[in-house]
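Report on the following structure.
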Amino acid sequence: MVRRNQPLGRRAFLGLGAALSGVALGARQGRAETRLASPPADAPWSQSIGAGVVDRPYGRPADYEAGVIRRNVPWLTAGTESSISFSPLQDLHGIITPNGLFFERYHAGRPDVDPEQHRLMIHGLVERPLILSMHDIVRFPSVSKIHFIECPANGGMEWRAAQLNSLQFTHGMISCAEWTGVKLSTLLDEVGVKKEARWAMVEGADGAHMNRSLPLDKCLDDCLVVYAQNGEALRPEQGFPLRLLVPGWEGNVSIKWLRRIKLGERPWYTREETSKYTDLMPDGTSRGFTWLIDAKSVITFPCPEKPLRGPGLYEIRGLAWCGQGKVRQVDVSIDGGVNWQRAQLHEPVLAKALTRFTLPWRWDGGPALLQSRVIDETGYVQPTIAQLRKQRGVNSVYHNNAIQTWQIKPDGSVFDVQLS
């Protein structure tokens with residue numbers, strides 16, 4: 001017997017799904033005479049010729065998906081030129097974010113870069129300084145990798161309290177794509193790294209000349225200089241024609257519109273790594289160079305934008321990710337963390353990429369508190385917001401990877417809440 005308001009095993013889930021499908025089919029057949037669009041009747045769109053191939057030379061989503069867009073929180077920043085648009089996680093499927101829905105973050109607006117004039121300069125502690133055109137760069141051996149990018153401020157508005165009743169606004173500063181370009185190590189081999197070099201300063205061609213210091217070891221490990229995303233050239237909002245990708249680290253170090261790489265002996269301590277992108281601690285000190293994205297997860301269905309429509313069978317769905325490597329395990333709770341059940345991870349499970357998880361659940365119409373908790377391959381366990389506050393206080397902005405709690409009301413509505 002299936003217990004009320006409890007997760008279902010896979011076999012029970014499939015059996016119950018088949019039974020419900022039969023009931024639903026019978027109900028539809030009984031209503032067929034009053035619903036013209038129901039089989040076997042033809043709907044209006046089945047009785048005419050549709051548009052031809054030249055109608056949309058560049059494809060776009062169905063008109064019915066017009067609400068699936070990036071969104072901005074107007075009061076978050078003084079203007080849109082230094083702001084963020086949030087990816088609609090509640091409407092996405094799989095682990096790849098479509099290019100038109102990949103979240104945006106600007107520091108001086110979006111520049112319109114001419115690829116014929118754009119250049120990448122590599123200099124400093126190198127044997128052979130180079131200035132490369134885009135034609136030069138695409139001649140180097142290419143690689144394609146799937147990785148996420150997350151702004152370290154993702155969830156930053158939730159440090160003090162749950163205040164944004166929206167999955168898109170609490171977690172939408174993350175997206176995942178297939179990136180194609182050149183290993184940064186390949187370019188550094190071309191210029192020849194001097195033995196005293198330990199750091200790199202990477203800089204963009206936007207109006208802010210956004211720049212960050214990176215350890216040379218990371219540059220030689222898995223960083224990419226990319227010119228394509230999900231099979232097409234980078235879009236302007238993602239750094240066209242060239243950007244840096246630093247897998248598993250906070251998104252601002254993946255410099256867009258990449259124009260310069262300078263090698264040196266020590267970090268540069270730029271504006272973006274002193275007055276910005278540091279974590280304020282309770283005693284007034286700040287943590288610096290906190291690049292790593294710690295393990296994090298969130299349930300994407302149900303969520304505030306996608307409520308439940310009456311008691312019955314559902315599949316809890318979500319995403320997990322970590323900057324250390326691969327997701328090892330995700331647990332789901334329906335009672336606010338009192339009990340946990342292992343969720344199913346869906347392939348591909350890749351290092352430093354989004355990972356899908358699901359758990360079948362039969363909701364009885366009563367209140368519930370849904371949570372997910374990820375464990376990465378190093379054994380790190382996603383913390384609660386109370387654990388984070390105990391360690392770091394409430395004055396931080398960045399690196400909030402706390403467990404998210406969705407409160408389910410009897411009417412099926414979903415709310416962002418925090419448990420003390």
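For the range 45-154, GluC sites (Glu not before Pro) meeting the loop criterion (DSSP other than H, G, I, E, B) and having at most 15 other Cβ atoms within 10 Å: GLU116, GLU127. Our estimate of slack between TYR380 and PHE289, defined as 0.36 nm per intervening residue step minus the Cα-Cα distance, is 30.8 nm.
Once backbone amide H atoms are built at 1.01 Å from N, GLU203 has ARG259, ARG260 as its partners under 5 Å, excluding neighbours fewer than 5 places away on the same chain. Considering the range 261-358 at the alpha-carbon level, its Rg and Dmax are found to be 19.2, 62 Å.
Quick one: plug the Kirkwood hydrodynamic radius of the range 35-85 (C-alpha pairs) into Stokes-Einstein at 25 °C, 0.890 mPa s, and report D in µm²/s.
Details: Rh = 15.4 Å.
The calculation lands on 159 µm²/s.
Along the range 339-354 the Karplus relation, 6.51 cos²θ - 1.76 cosθ + 1.60 evaluated at θ = phi - 60°, assigns HN-Hα couplings of 10, 10, 10, 5, 8, 8, 8, 10, 5, x, 9, 10, 5, 6, 9, 5 Hz to successive residues, with x for each Gly and Pro. Measuring nothing but protein heavy atoms, the accessible surface of the range 165-255 at 1.4 Å probe radius is 46 percent carbon and sulfur.
Counting only lysines at least 8 places from LYS276 when in the same chain, those with an alpha carbon closer than 20 Å to its own are LYS256. Solvent-accessible surface of protein heavy atoms, probed at 1.4 angstrom with all chains present, puts TYR398, TYR64, TYR380 in the order TYR64, TYR380, TYR398, largest first. Only helical DSSP H runs with n ≥ 4 go in: add -39500 (n - 2.57) per run for the chain, normalise by residue count and round the 222 nm mean residue ellipticity to 500 deg cm²/dmol. Value at 222 nm, helices only: -3500 deg cm²/dmol. Computed from the C-alpha gyration tensor, the three semi-axes of the ellipsoid equivalent to the range 32-137 are 46, 22, 13 Å, from longest to shortest. Fully extending the segment from ASP55 to ASP91, taken as 0.36 nm per residue of separation minus the present Cα-Cα distance, adds 10.4 nm. Among residues other than GLU81 with Cβ under 12 Å from its Cβ, the summed charge is 0 (Lys and Arg +1, Asp and Glu -1).
Pairs from the list LYS145/LYS390; LYS194/LYS296; LYS218/LYS306; LYS145/LYS296 with a Cα-Cα gap above 28 Å: LYS145/LYS390; LYS194/LYS296; LYS218/LYS306. Top mean-square fluctuation among GLN382, GLN117, GLN404, Gaussian network model of the chain, C-alpha springs under 10 Å? Comparing GLN382, GLN117, GLN404 in a Gaussian network model of the chain, the most mobile one is GLN117. Across the alpha-carbon atoms of the range 221-318, the computed radius of gyration and Dmax are 19.4, 62 angstrom. The candidates ASP364, ASP63, arranged from most to least accessible area with a 1.4 Å probe in the full protein assembly, appear as ASP63, ASP364. Taking a straight line from the alpha carbon of LYS262, these aspartates and glutamates sit under 19 Å away, with near neighbours fewer than eight places off in the same chain left out: GLU127, ASP136, ASP189, GLU190, GLU196, GLU203, ASP206, ASP217, ASP221, ASP222, GLU272, GLU273.
Checking understanding here: applying a Kyte-Doolittle mean of at least -0.5 and a length along the axis of at least 24 Å (C-alpha), which whole DSSP H helices in the chain pass?
10-30
How much of the accessible area of the range 44-149, in percent, comes from carbon and sulfur atoms when a 1.4 Å probe is used? Don't skip to the answer; put the middle values down first.
Values: 3790 of 6760 Å².
Whole-percent figure for carbon plus sulfur exposure: 56.
When the Gaussian network model of the chain links Cα atoms closer than 10 Å, the mean-square fluctuations of ILE293, ILE255, ILE49 top out at ILE49. Using R₀ = 45 Å, calculate the FRET efficiency as 1/(1 + (r/R₀)^6) where r is the Cβ-Cβ separation of VAL143 and ALA41; round to 0.05. Once rounded, the FRET efficiency stands at 0.30. Taking every protein chain into account, the 1.4 Å probe leaves TRP340 with about 80 Å² of accessible area, to the nearest ten. Averaged per residue, the chain has 49 square angstrom of accessible surface, using a 1.4 angstrom probe with ligands and nucleic acids left out.
Leaving out ligands, DNA and RNA, and with a 1.4 Å probe, what % of the accessible surface on the range 317-391 is carbon or sulfur?
Numbers: 1480 of 3210 Å².
With neighbouring chains kept in place, the figure for the range 317-391 is 46 percent.
Around the amide H of ALA343, modelled in the peptide plane, lie the amide H atoms of VAL330, ASP331, VAL332, all under 5 Å away and 5 or more residues distant in sequence or on another chain. Hydrodynamic analysis of the chain uses the Kirkwood radius over alpha carbon pairs. Inserted into Stokes-Einstein at 10 °C and 1.306 mPa s, it gives a translational diffusion coefficient of 67 µm²/s. In whole percents, the pair-distance distribution calculated for the range 132-240 from its alpha-carbon pairs, binned every 5 Å from zero, is 2, 9, 15, 18, 20, 14, 9, 6, 3, 2, 0. The label point for ASP63 and the one for LYS194, both projected 7 Å from the Cα toward the Cβ, are 6.4 nm apart.
The values are calculated or read from the model by the stated rules, or taken from the named source; none is laboratory data. Every value quoted in this text rests on a predicted model; they were computed, and no experiment measured them. Neighbour counts run over all protein chains shown; Cβ positions are idealised from the backbone, glycine included. Side chains are part of the model used for accessible areas, which takes the heavy atoms of the whole protein and leaves out ligands, DNA and RNA. Shrake-Rupley method; radii C 1.70, N 1.55, O 1.52, S 1.80 Å.
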